[in-house]
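**Student:** Before I ask anything, here is the structure I am working with.
The values are calculated or read from the model by the stated rules, or taken from the named source; none is laboratory data. Since this is a predicted model, take the numbers as computed values, not measurements. Virtual Cβ from ideal backbone geometry, glycine too; neighbours counted across all protein chains shown. All accessible areas refer to the heavy atoms of the entire protein, side chains included, with ligands and DNA or RNA removed. Shrake-Rupley method; radii C 1.70, N 1.55, O 1.52, S 1.80 Å.
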Amino acid sequence: MSCVADKDKNLSVSIDKIREAAAKGAQIICLQELFTSLYFCDTEDHDKFLLAEKIPGPTTDILSTIARENNVVIIASLFEKRAEGLYHNTTAILDADGSYLGKYRKMHIPDDPGYYEKFYFTPGDLGYKVFATKYGKVGVLICWDQWYPEASRITALMGAEILFYPTAIGWAKTQDQHTNTEQYNAWQTIQRSHAVANGVHVVSVNRVGEEAGMQFWGGSFIANPFGSLIYMASHEKEETEVIEIDLNKSDYYRTHWPFLRDRRIDSYQPITKRFIDED
């Protein structure tokens, strides 16, 4: 979906789309990153901290009721105010009975032109998380986490059956078409590789619309455990889709391509270093 400056309107539209998806048979519904507002990290503005809220809090209370009424799991990405002066980019998980299962705080925080997230967000300190919902064990990572195979690997090793990535990423309007295409393809490719390496489905949900010179590229997709696309959204339109996932595919692919069996965990200690050099 695209967003506007009115937080209440974004929440109302999101609820309508949740109900639409539920009516189509959805069981797990993932909302995009920071769905209640415009993507405010394009500038460093202290007033934007007023958008933050407690988790659990007012938005999760509302979504809890919606989850219960529609018998769906809701994955909701929010701007968390943890304490005075302490904020996180956080996703809350609400089970199909409306219960609050917990939250994941974004671990990898970018700082690029148009994405000044380090100004707003403290890196997550809860570690990687898996949530046992009514419809399966879901792992949740957030946007910039997408680029890190370590994050997807650990979450999969914790038992996640599906990896969800709520996202807000797009193209600068000043970029040429070749650069735009290359960036989107890299974004999709790295996540499809997480599906292959871990033998799980990957669901990536991105916003659309133009905000402050940024064209959010949409392109939300689902990859099966062998990285094949089973759904891909357009780059420009708002779309609410329900796609059936067969969780038994993980066992099939992991049995025939046993990457987890052949991991050499005794050799991986160097991965904890920032860079491996002679010093």
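**Student:** Considering only protein heavy atoms and a 1.4 Å probe, what is the carbon-and-sulfur percentage of the accessible area of segment 1-77?
**Tutor:** 50
**Student:** How do 199-206, 148-155 rank on mean C-beta neighbours within 10 Å, highest first?
**Tutor:** Highest-to-lowest ranking by the protection proxy: 199-206, 148-155.
**Student:** What is the distance in Å between the Cα centroid of segment 183-224 and that of segment 1-59?
**Tutor:** 19
**Student:** Given an 8 Å cut-off on Cα distances and at least 6 residues of separation, report the relative contact order of segment 162-279 as a percent.
**Tutor:** Relative contact order, segment 162-279: 23 percent.
**Student:** Also, quick follow-up: Whole number in Å², please: accessible area per residue of the chain, 1.4 Å probe, ligands, DNA and RNA not counted.
**Tutor:** Roughly 48 Å² per residue, with all protein chains present.
**Student:** Please report the accessible area of Leu101 (heavy atoms, 1.4 Å probe, ligands and nucleic acids excluded) in Å², nearest 10.
**Tutor:** Using a 1.4 Å probe on the heavy atoms, I get roughly 60 Å².
**Student:** Shifting gears a bit: Could you sort Ile62, Ile190 by accessible area so the largest value comes first, with the probe set to 1.4 Å?
**Tutor:** These residues rank, largest area first, as Ile62, Ile190.
**Student:** Another one. Return the long-range amide H neighbours of Val130 (sequence gap of 5 or more, or a different chain), with a cut-off of under 5 Å between placed amide H atoms.
**Tutor:** When sequence neighbours closer than 5 places are left aside, there are no close amide H contacts.
**Student:** Kindly write out, for segment 210-226 in residue order, the coupling ³J(HN,Hα) from the Karplus curve 6.51 cos²θ - 1.76 cosθ + 1.60 (θ = phi - 60°), rounded to whole Hz, with x marking Gly and Pro.
**Tutor:** Couplings: 9, 9, 6, x, 10, 9, 5, 8, x, x, 3, 8, 10, 10, 7, x, 10 Hz.
**Student:** For Val208, tell me the accessible area in Å² from a 1.4 Å probe, rounded to the nearest 10.
**Tutor:** Number for this one is 10 Å².
**Student:** So which of Lys7/Lys173; Lys106/Lys173; Lys17/Lys118; Lys106/Lys129; Lys7/Lys103 end up more than 19 Å apart by C-alpha?
**Tutor:** Flagged as over cut-off: Lys7/Lys173; Lys106/Lys173; Lys17/Lys118; Lys7/Lys103.
**Student:** Given a 1.4 Å probe and every protein chain left where it sits, what share in percent of the accessible area of segment 148-251 is carbon and sulfur?
**Tutor:** Looking at segment 148-251 in its full context, I get 51 percent from C and S.
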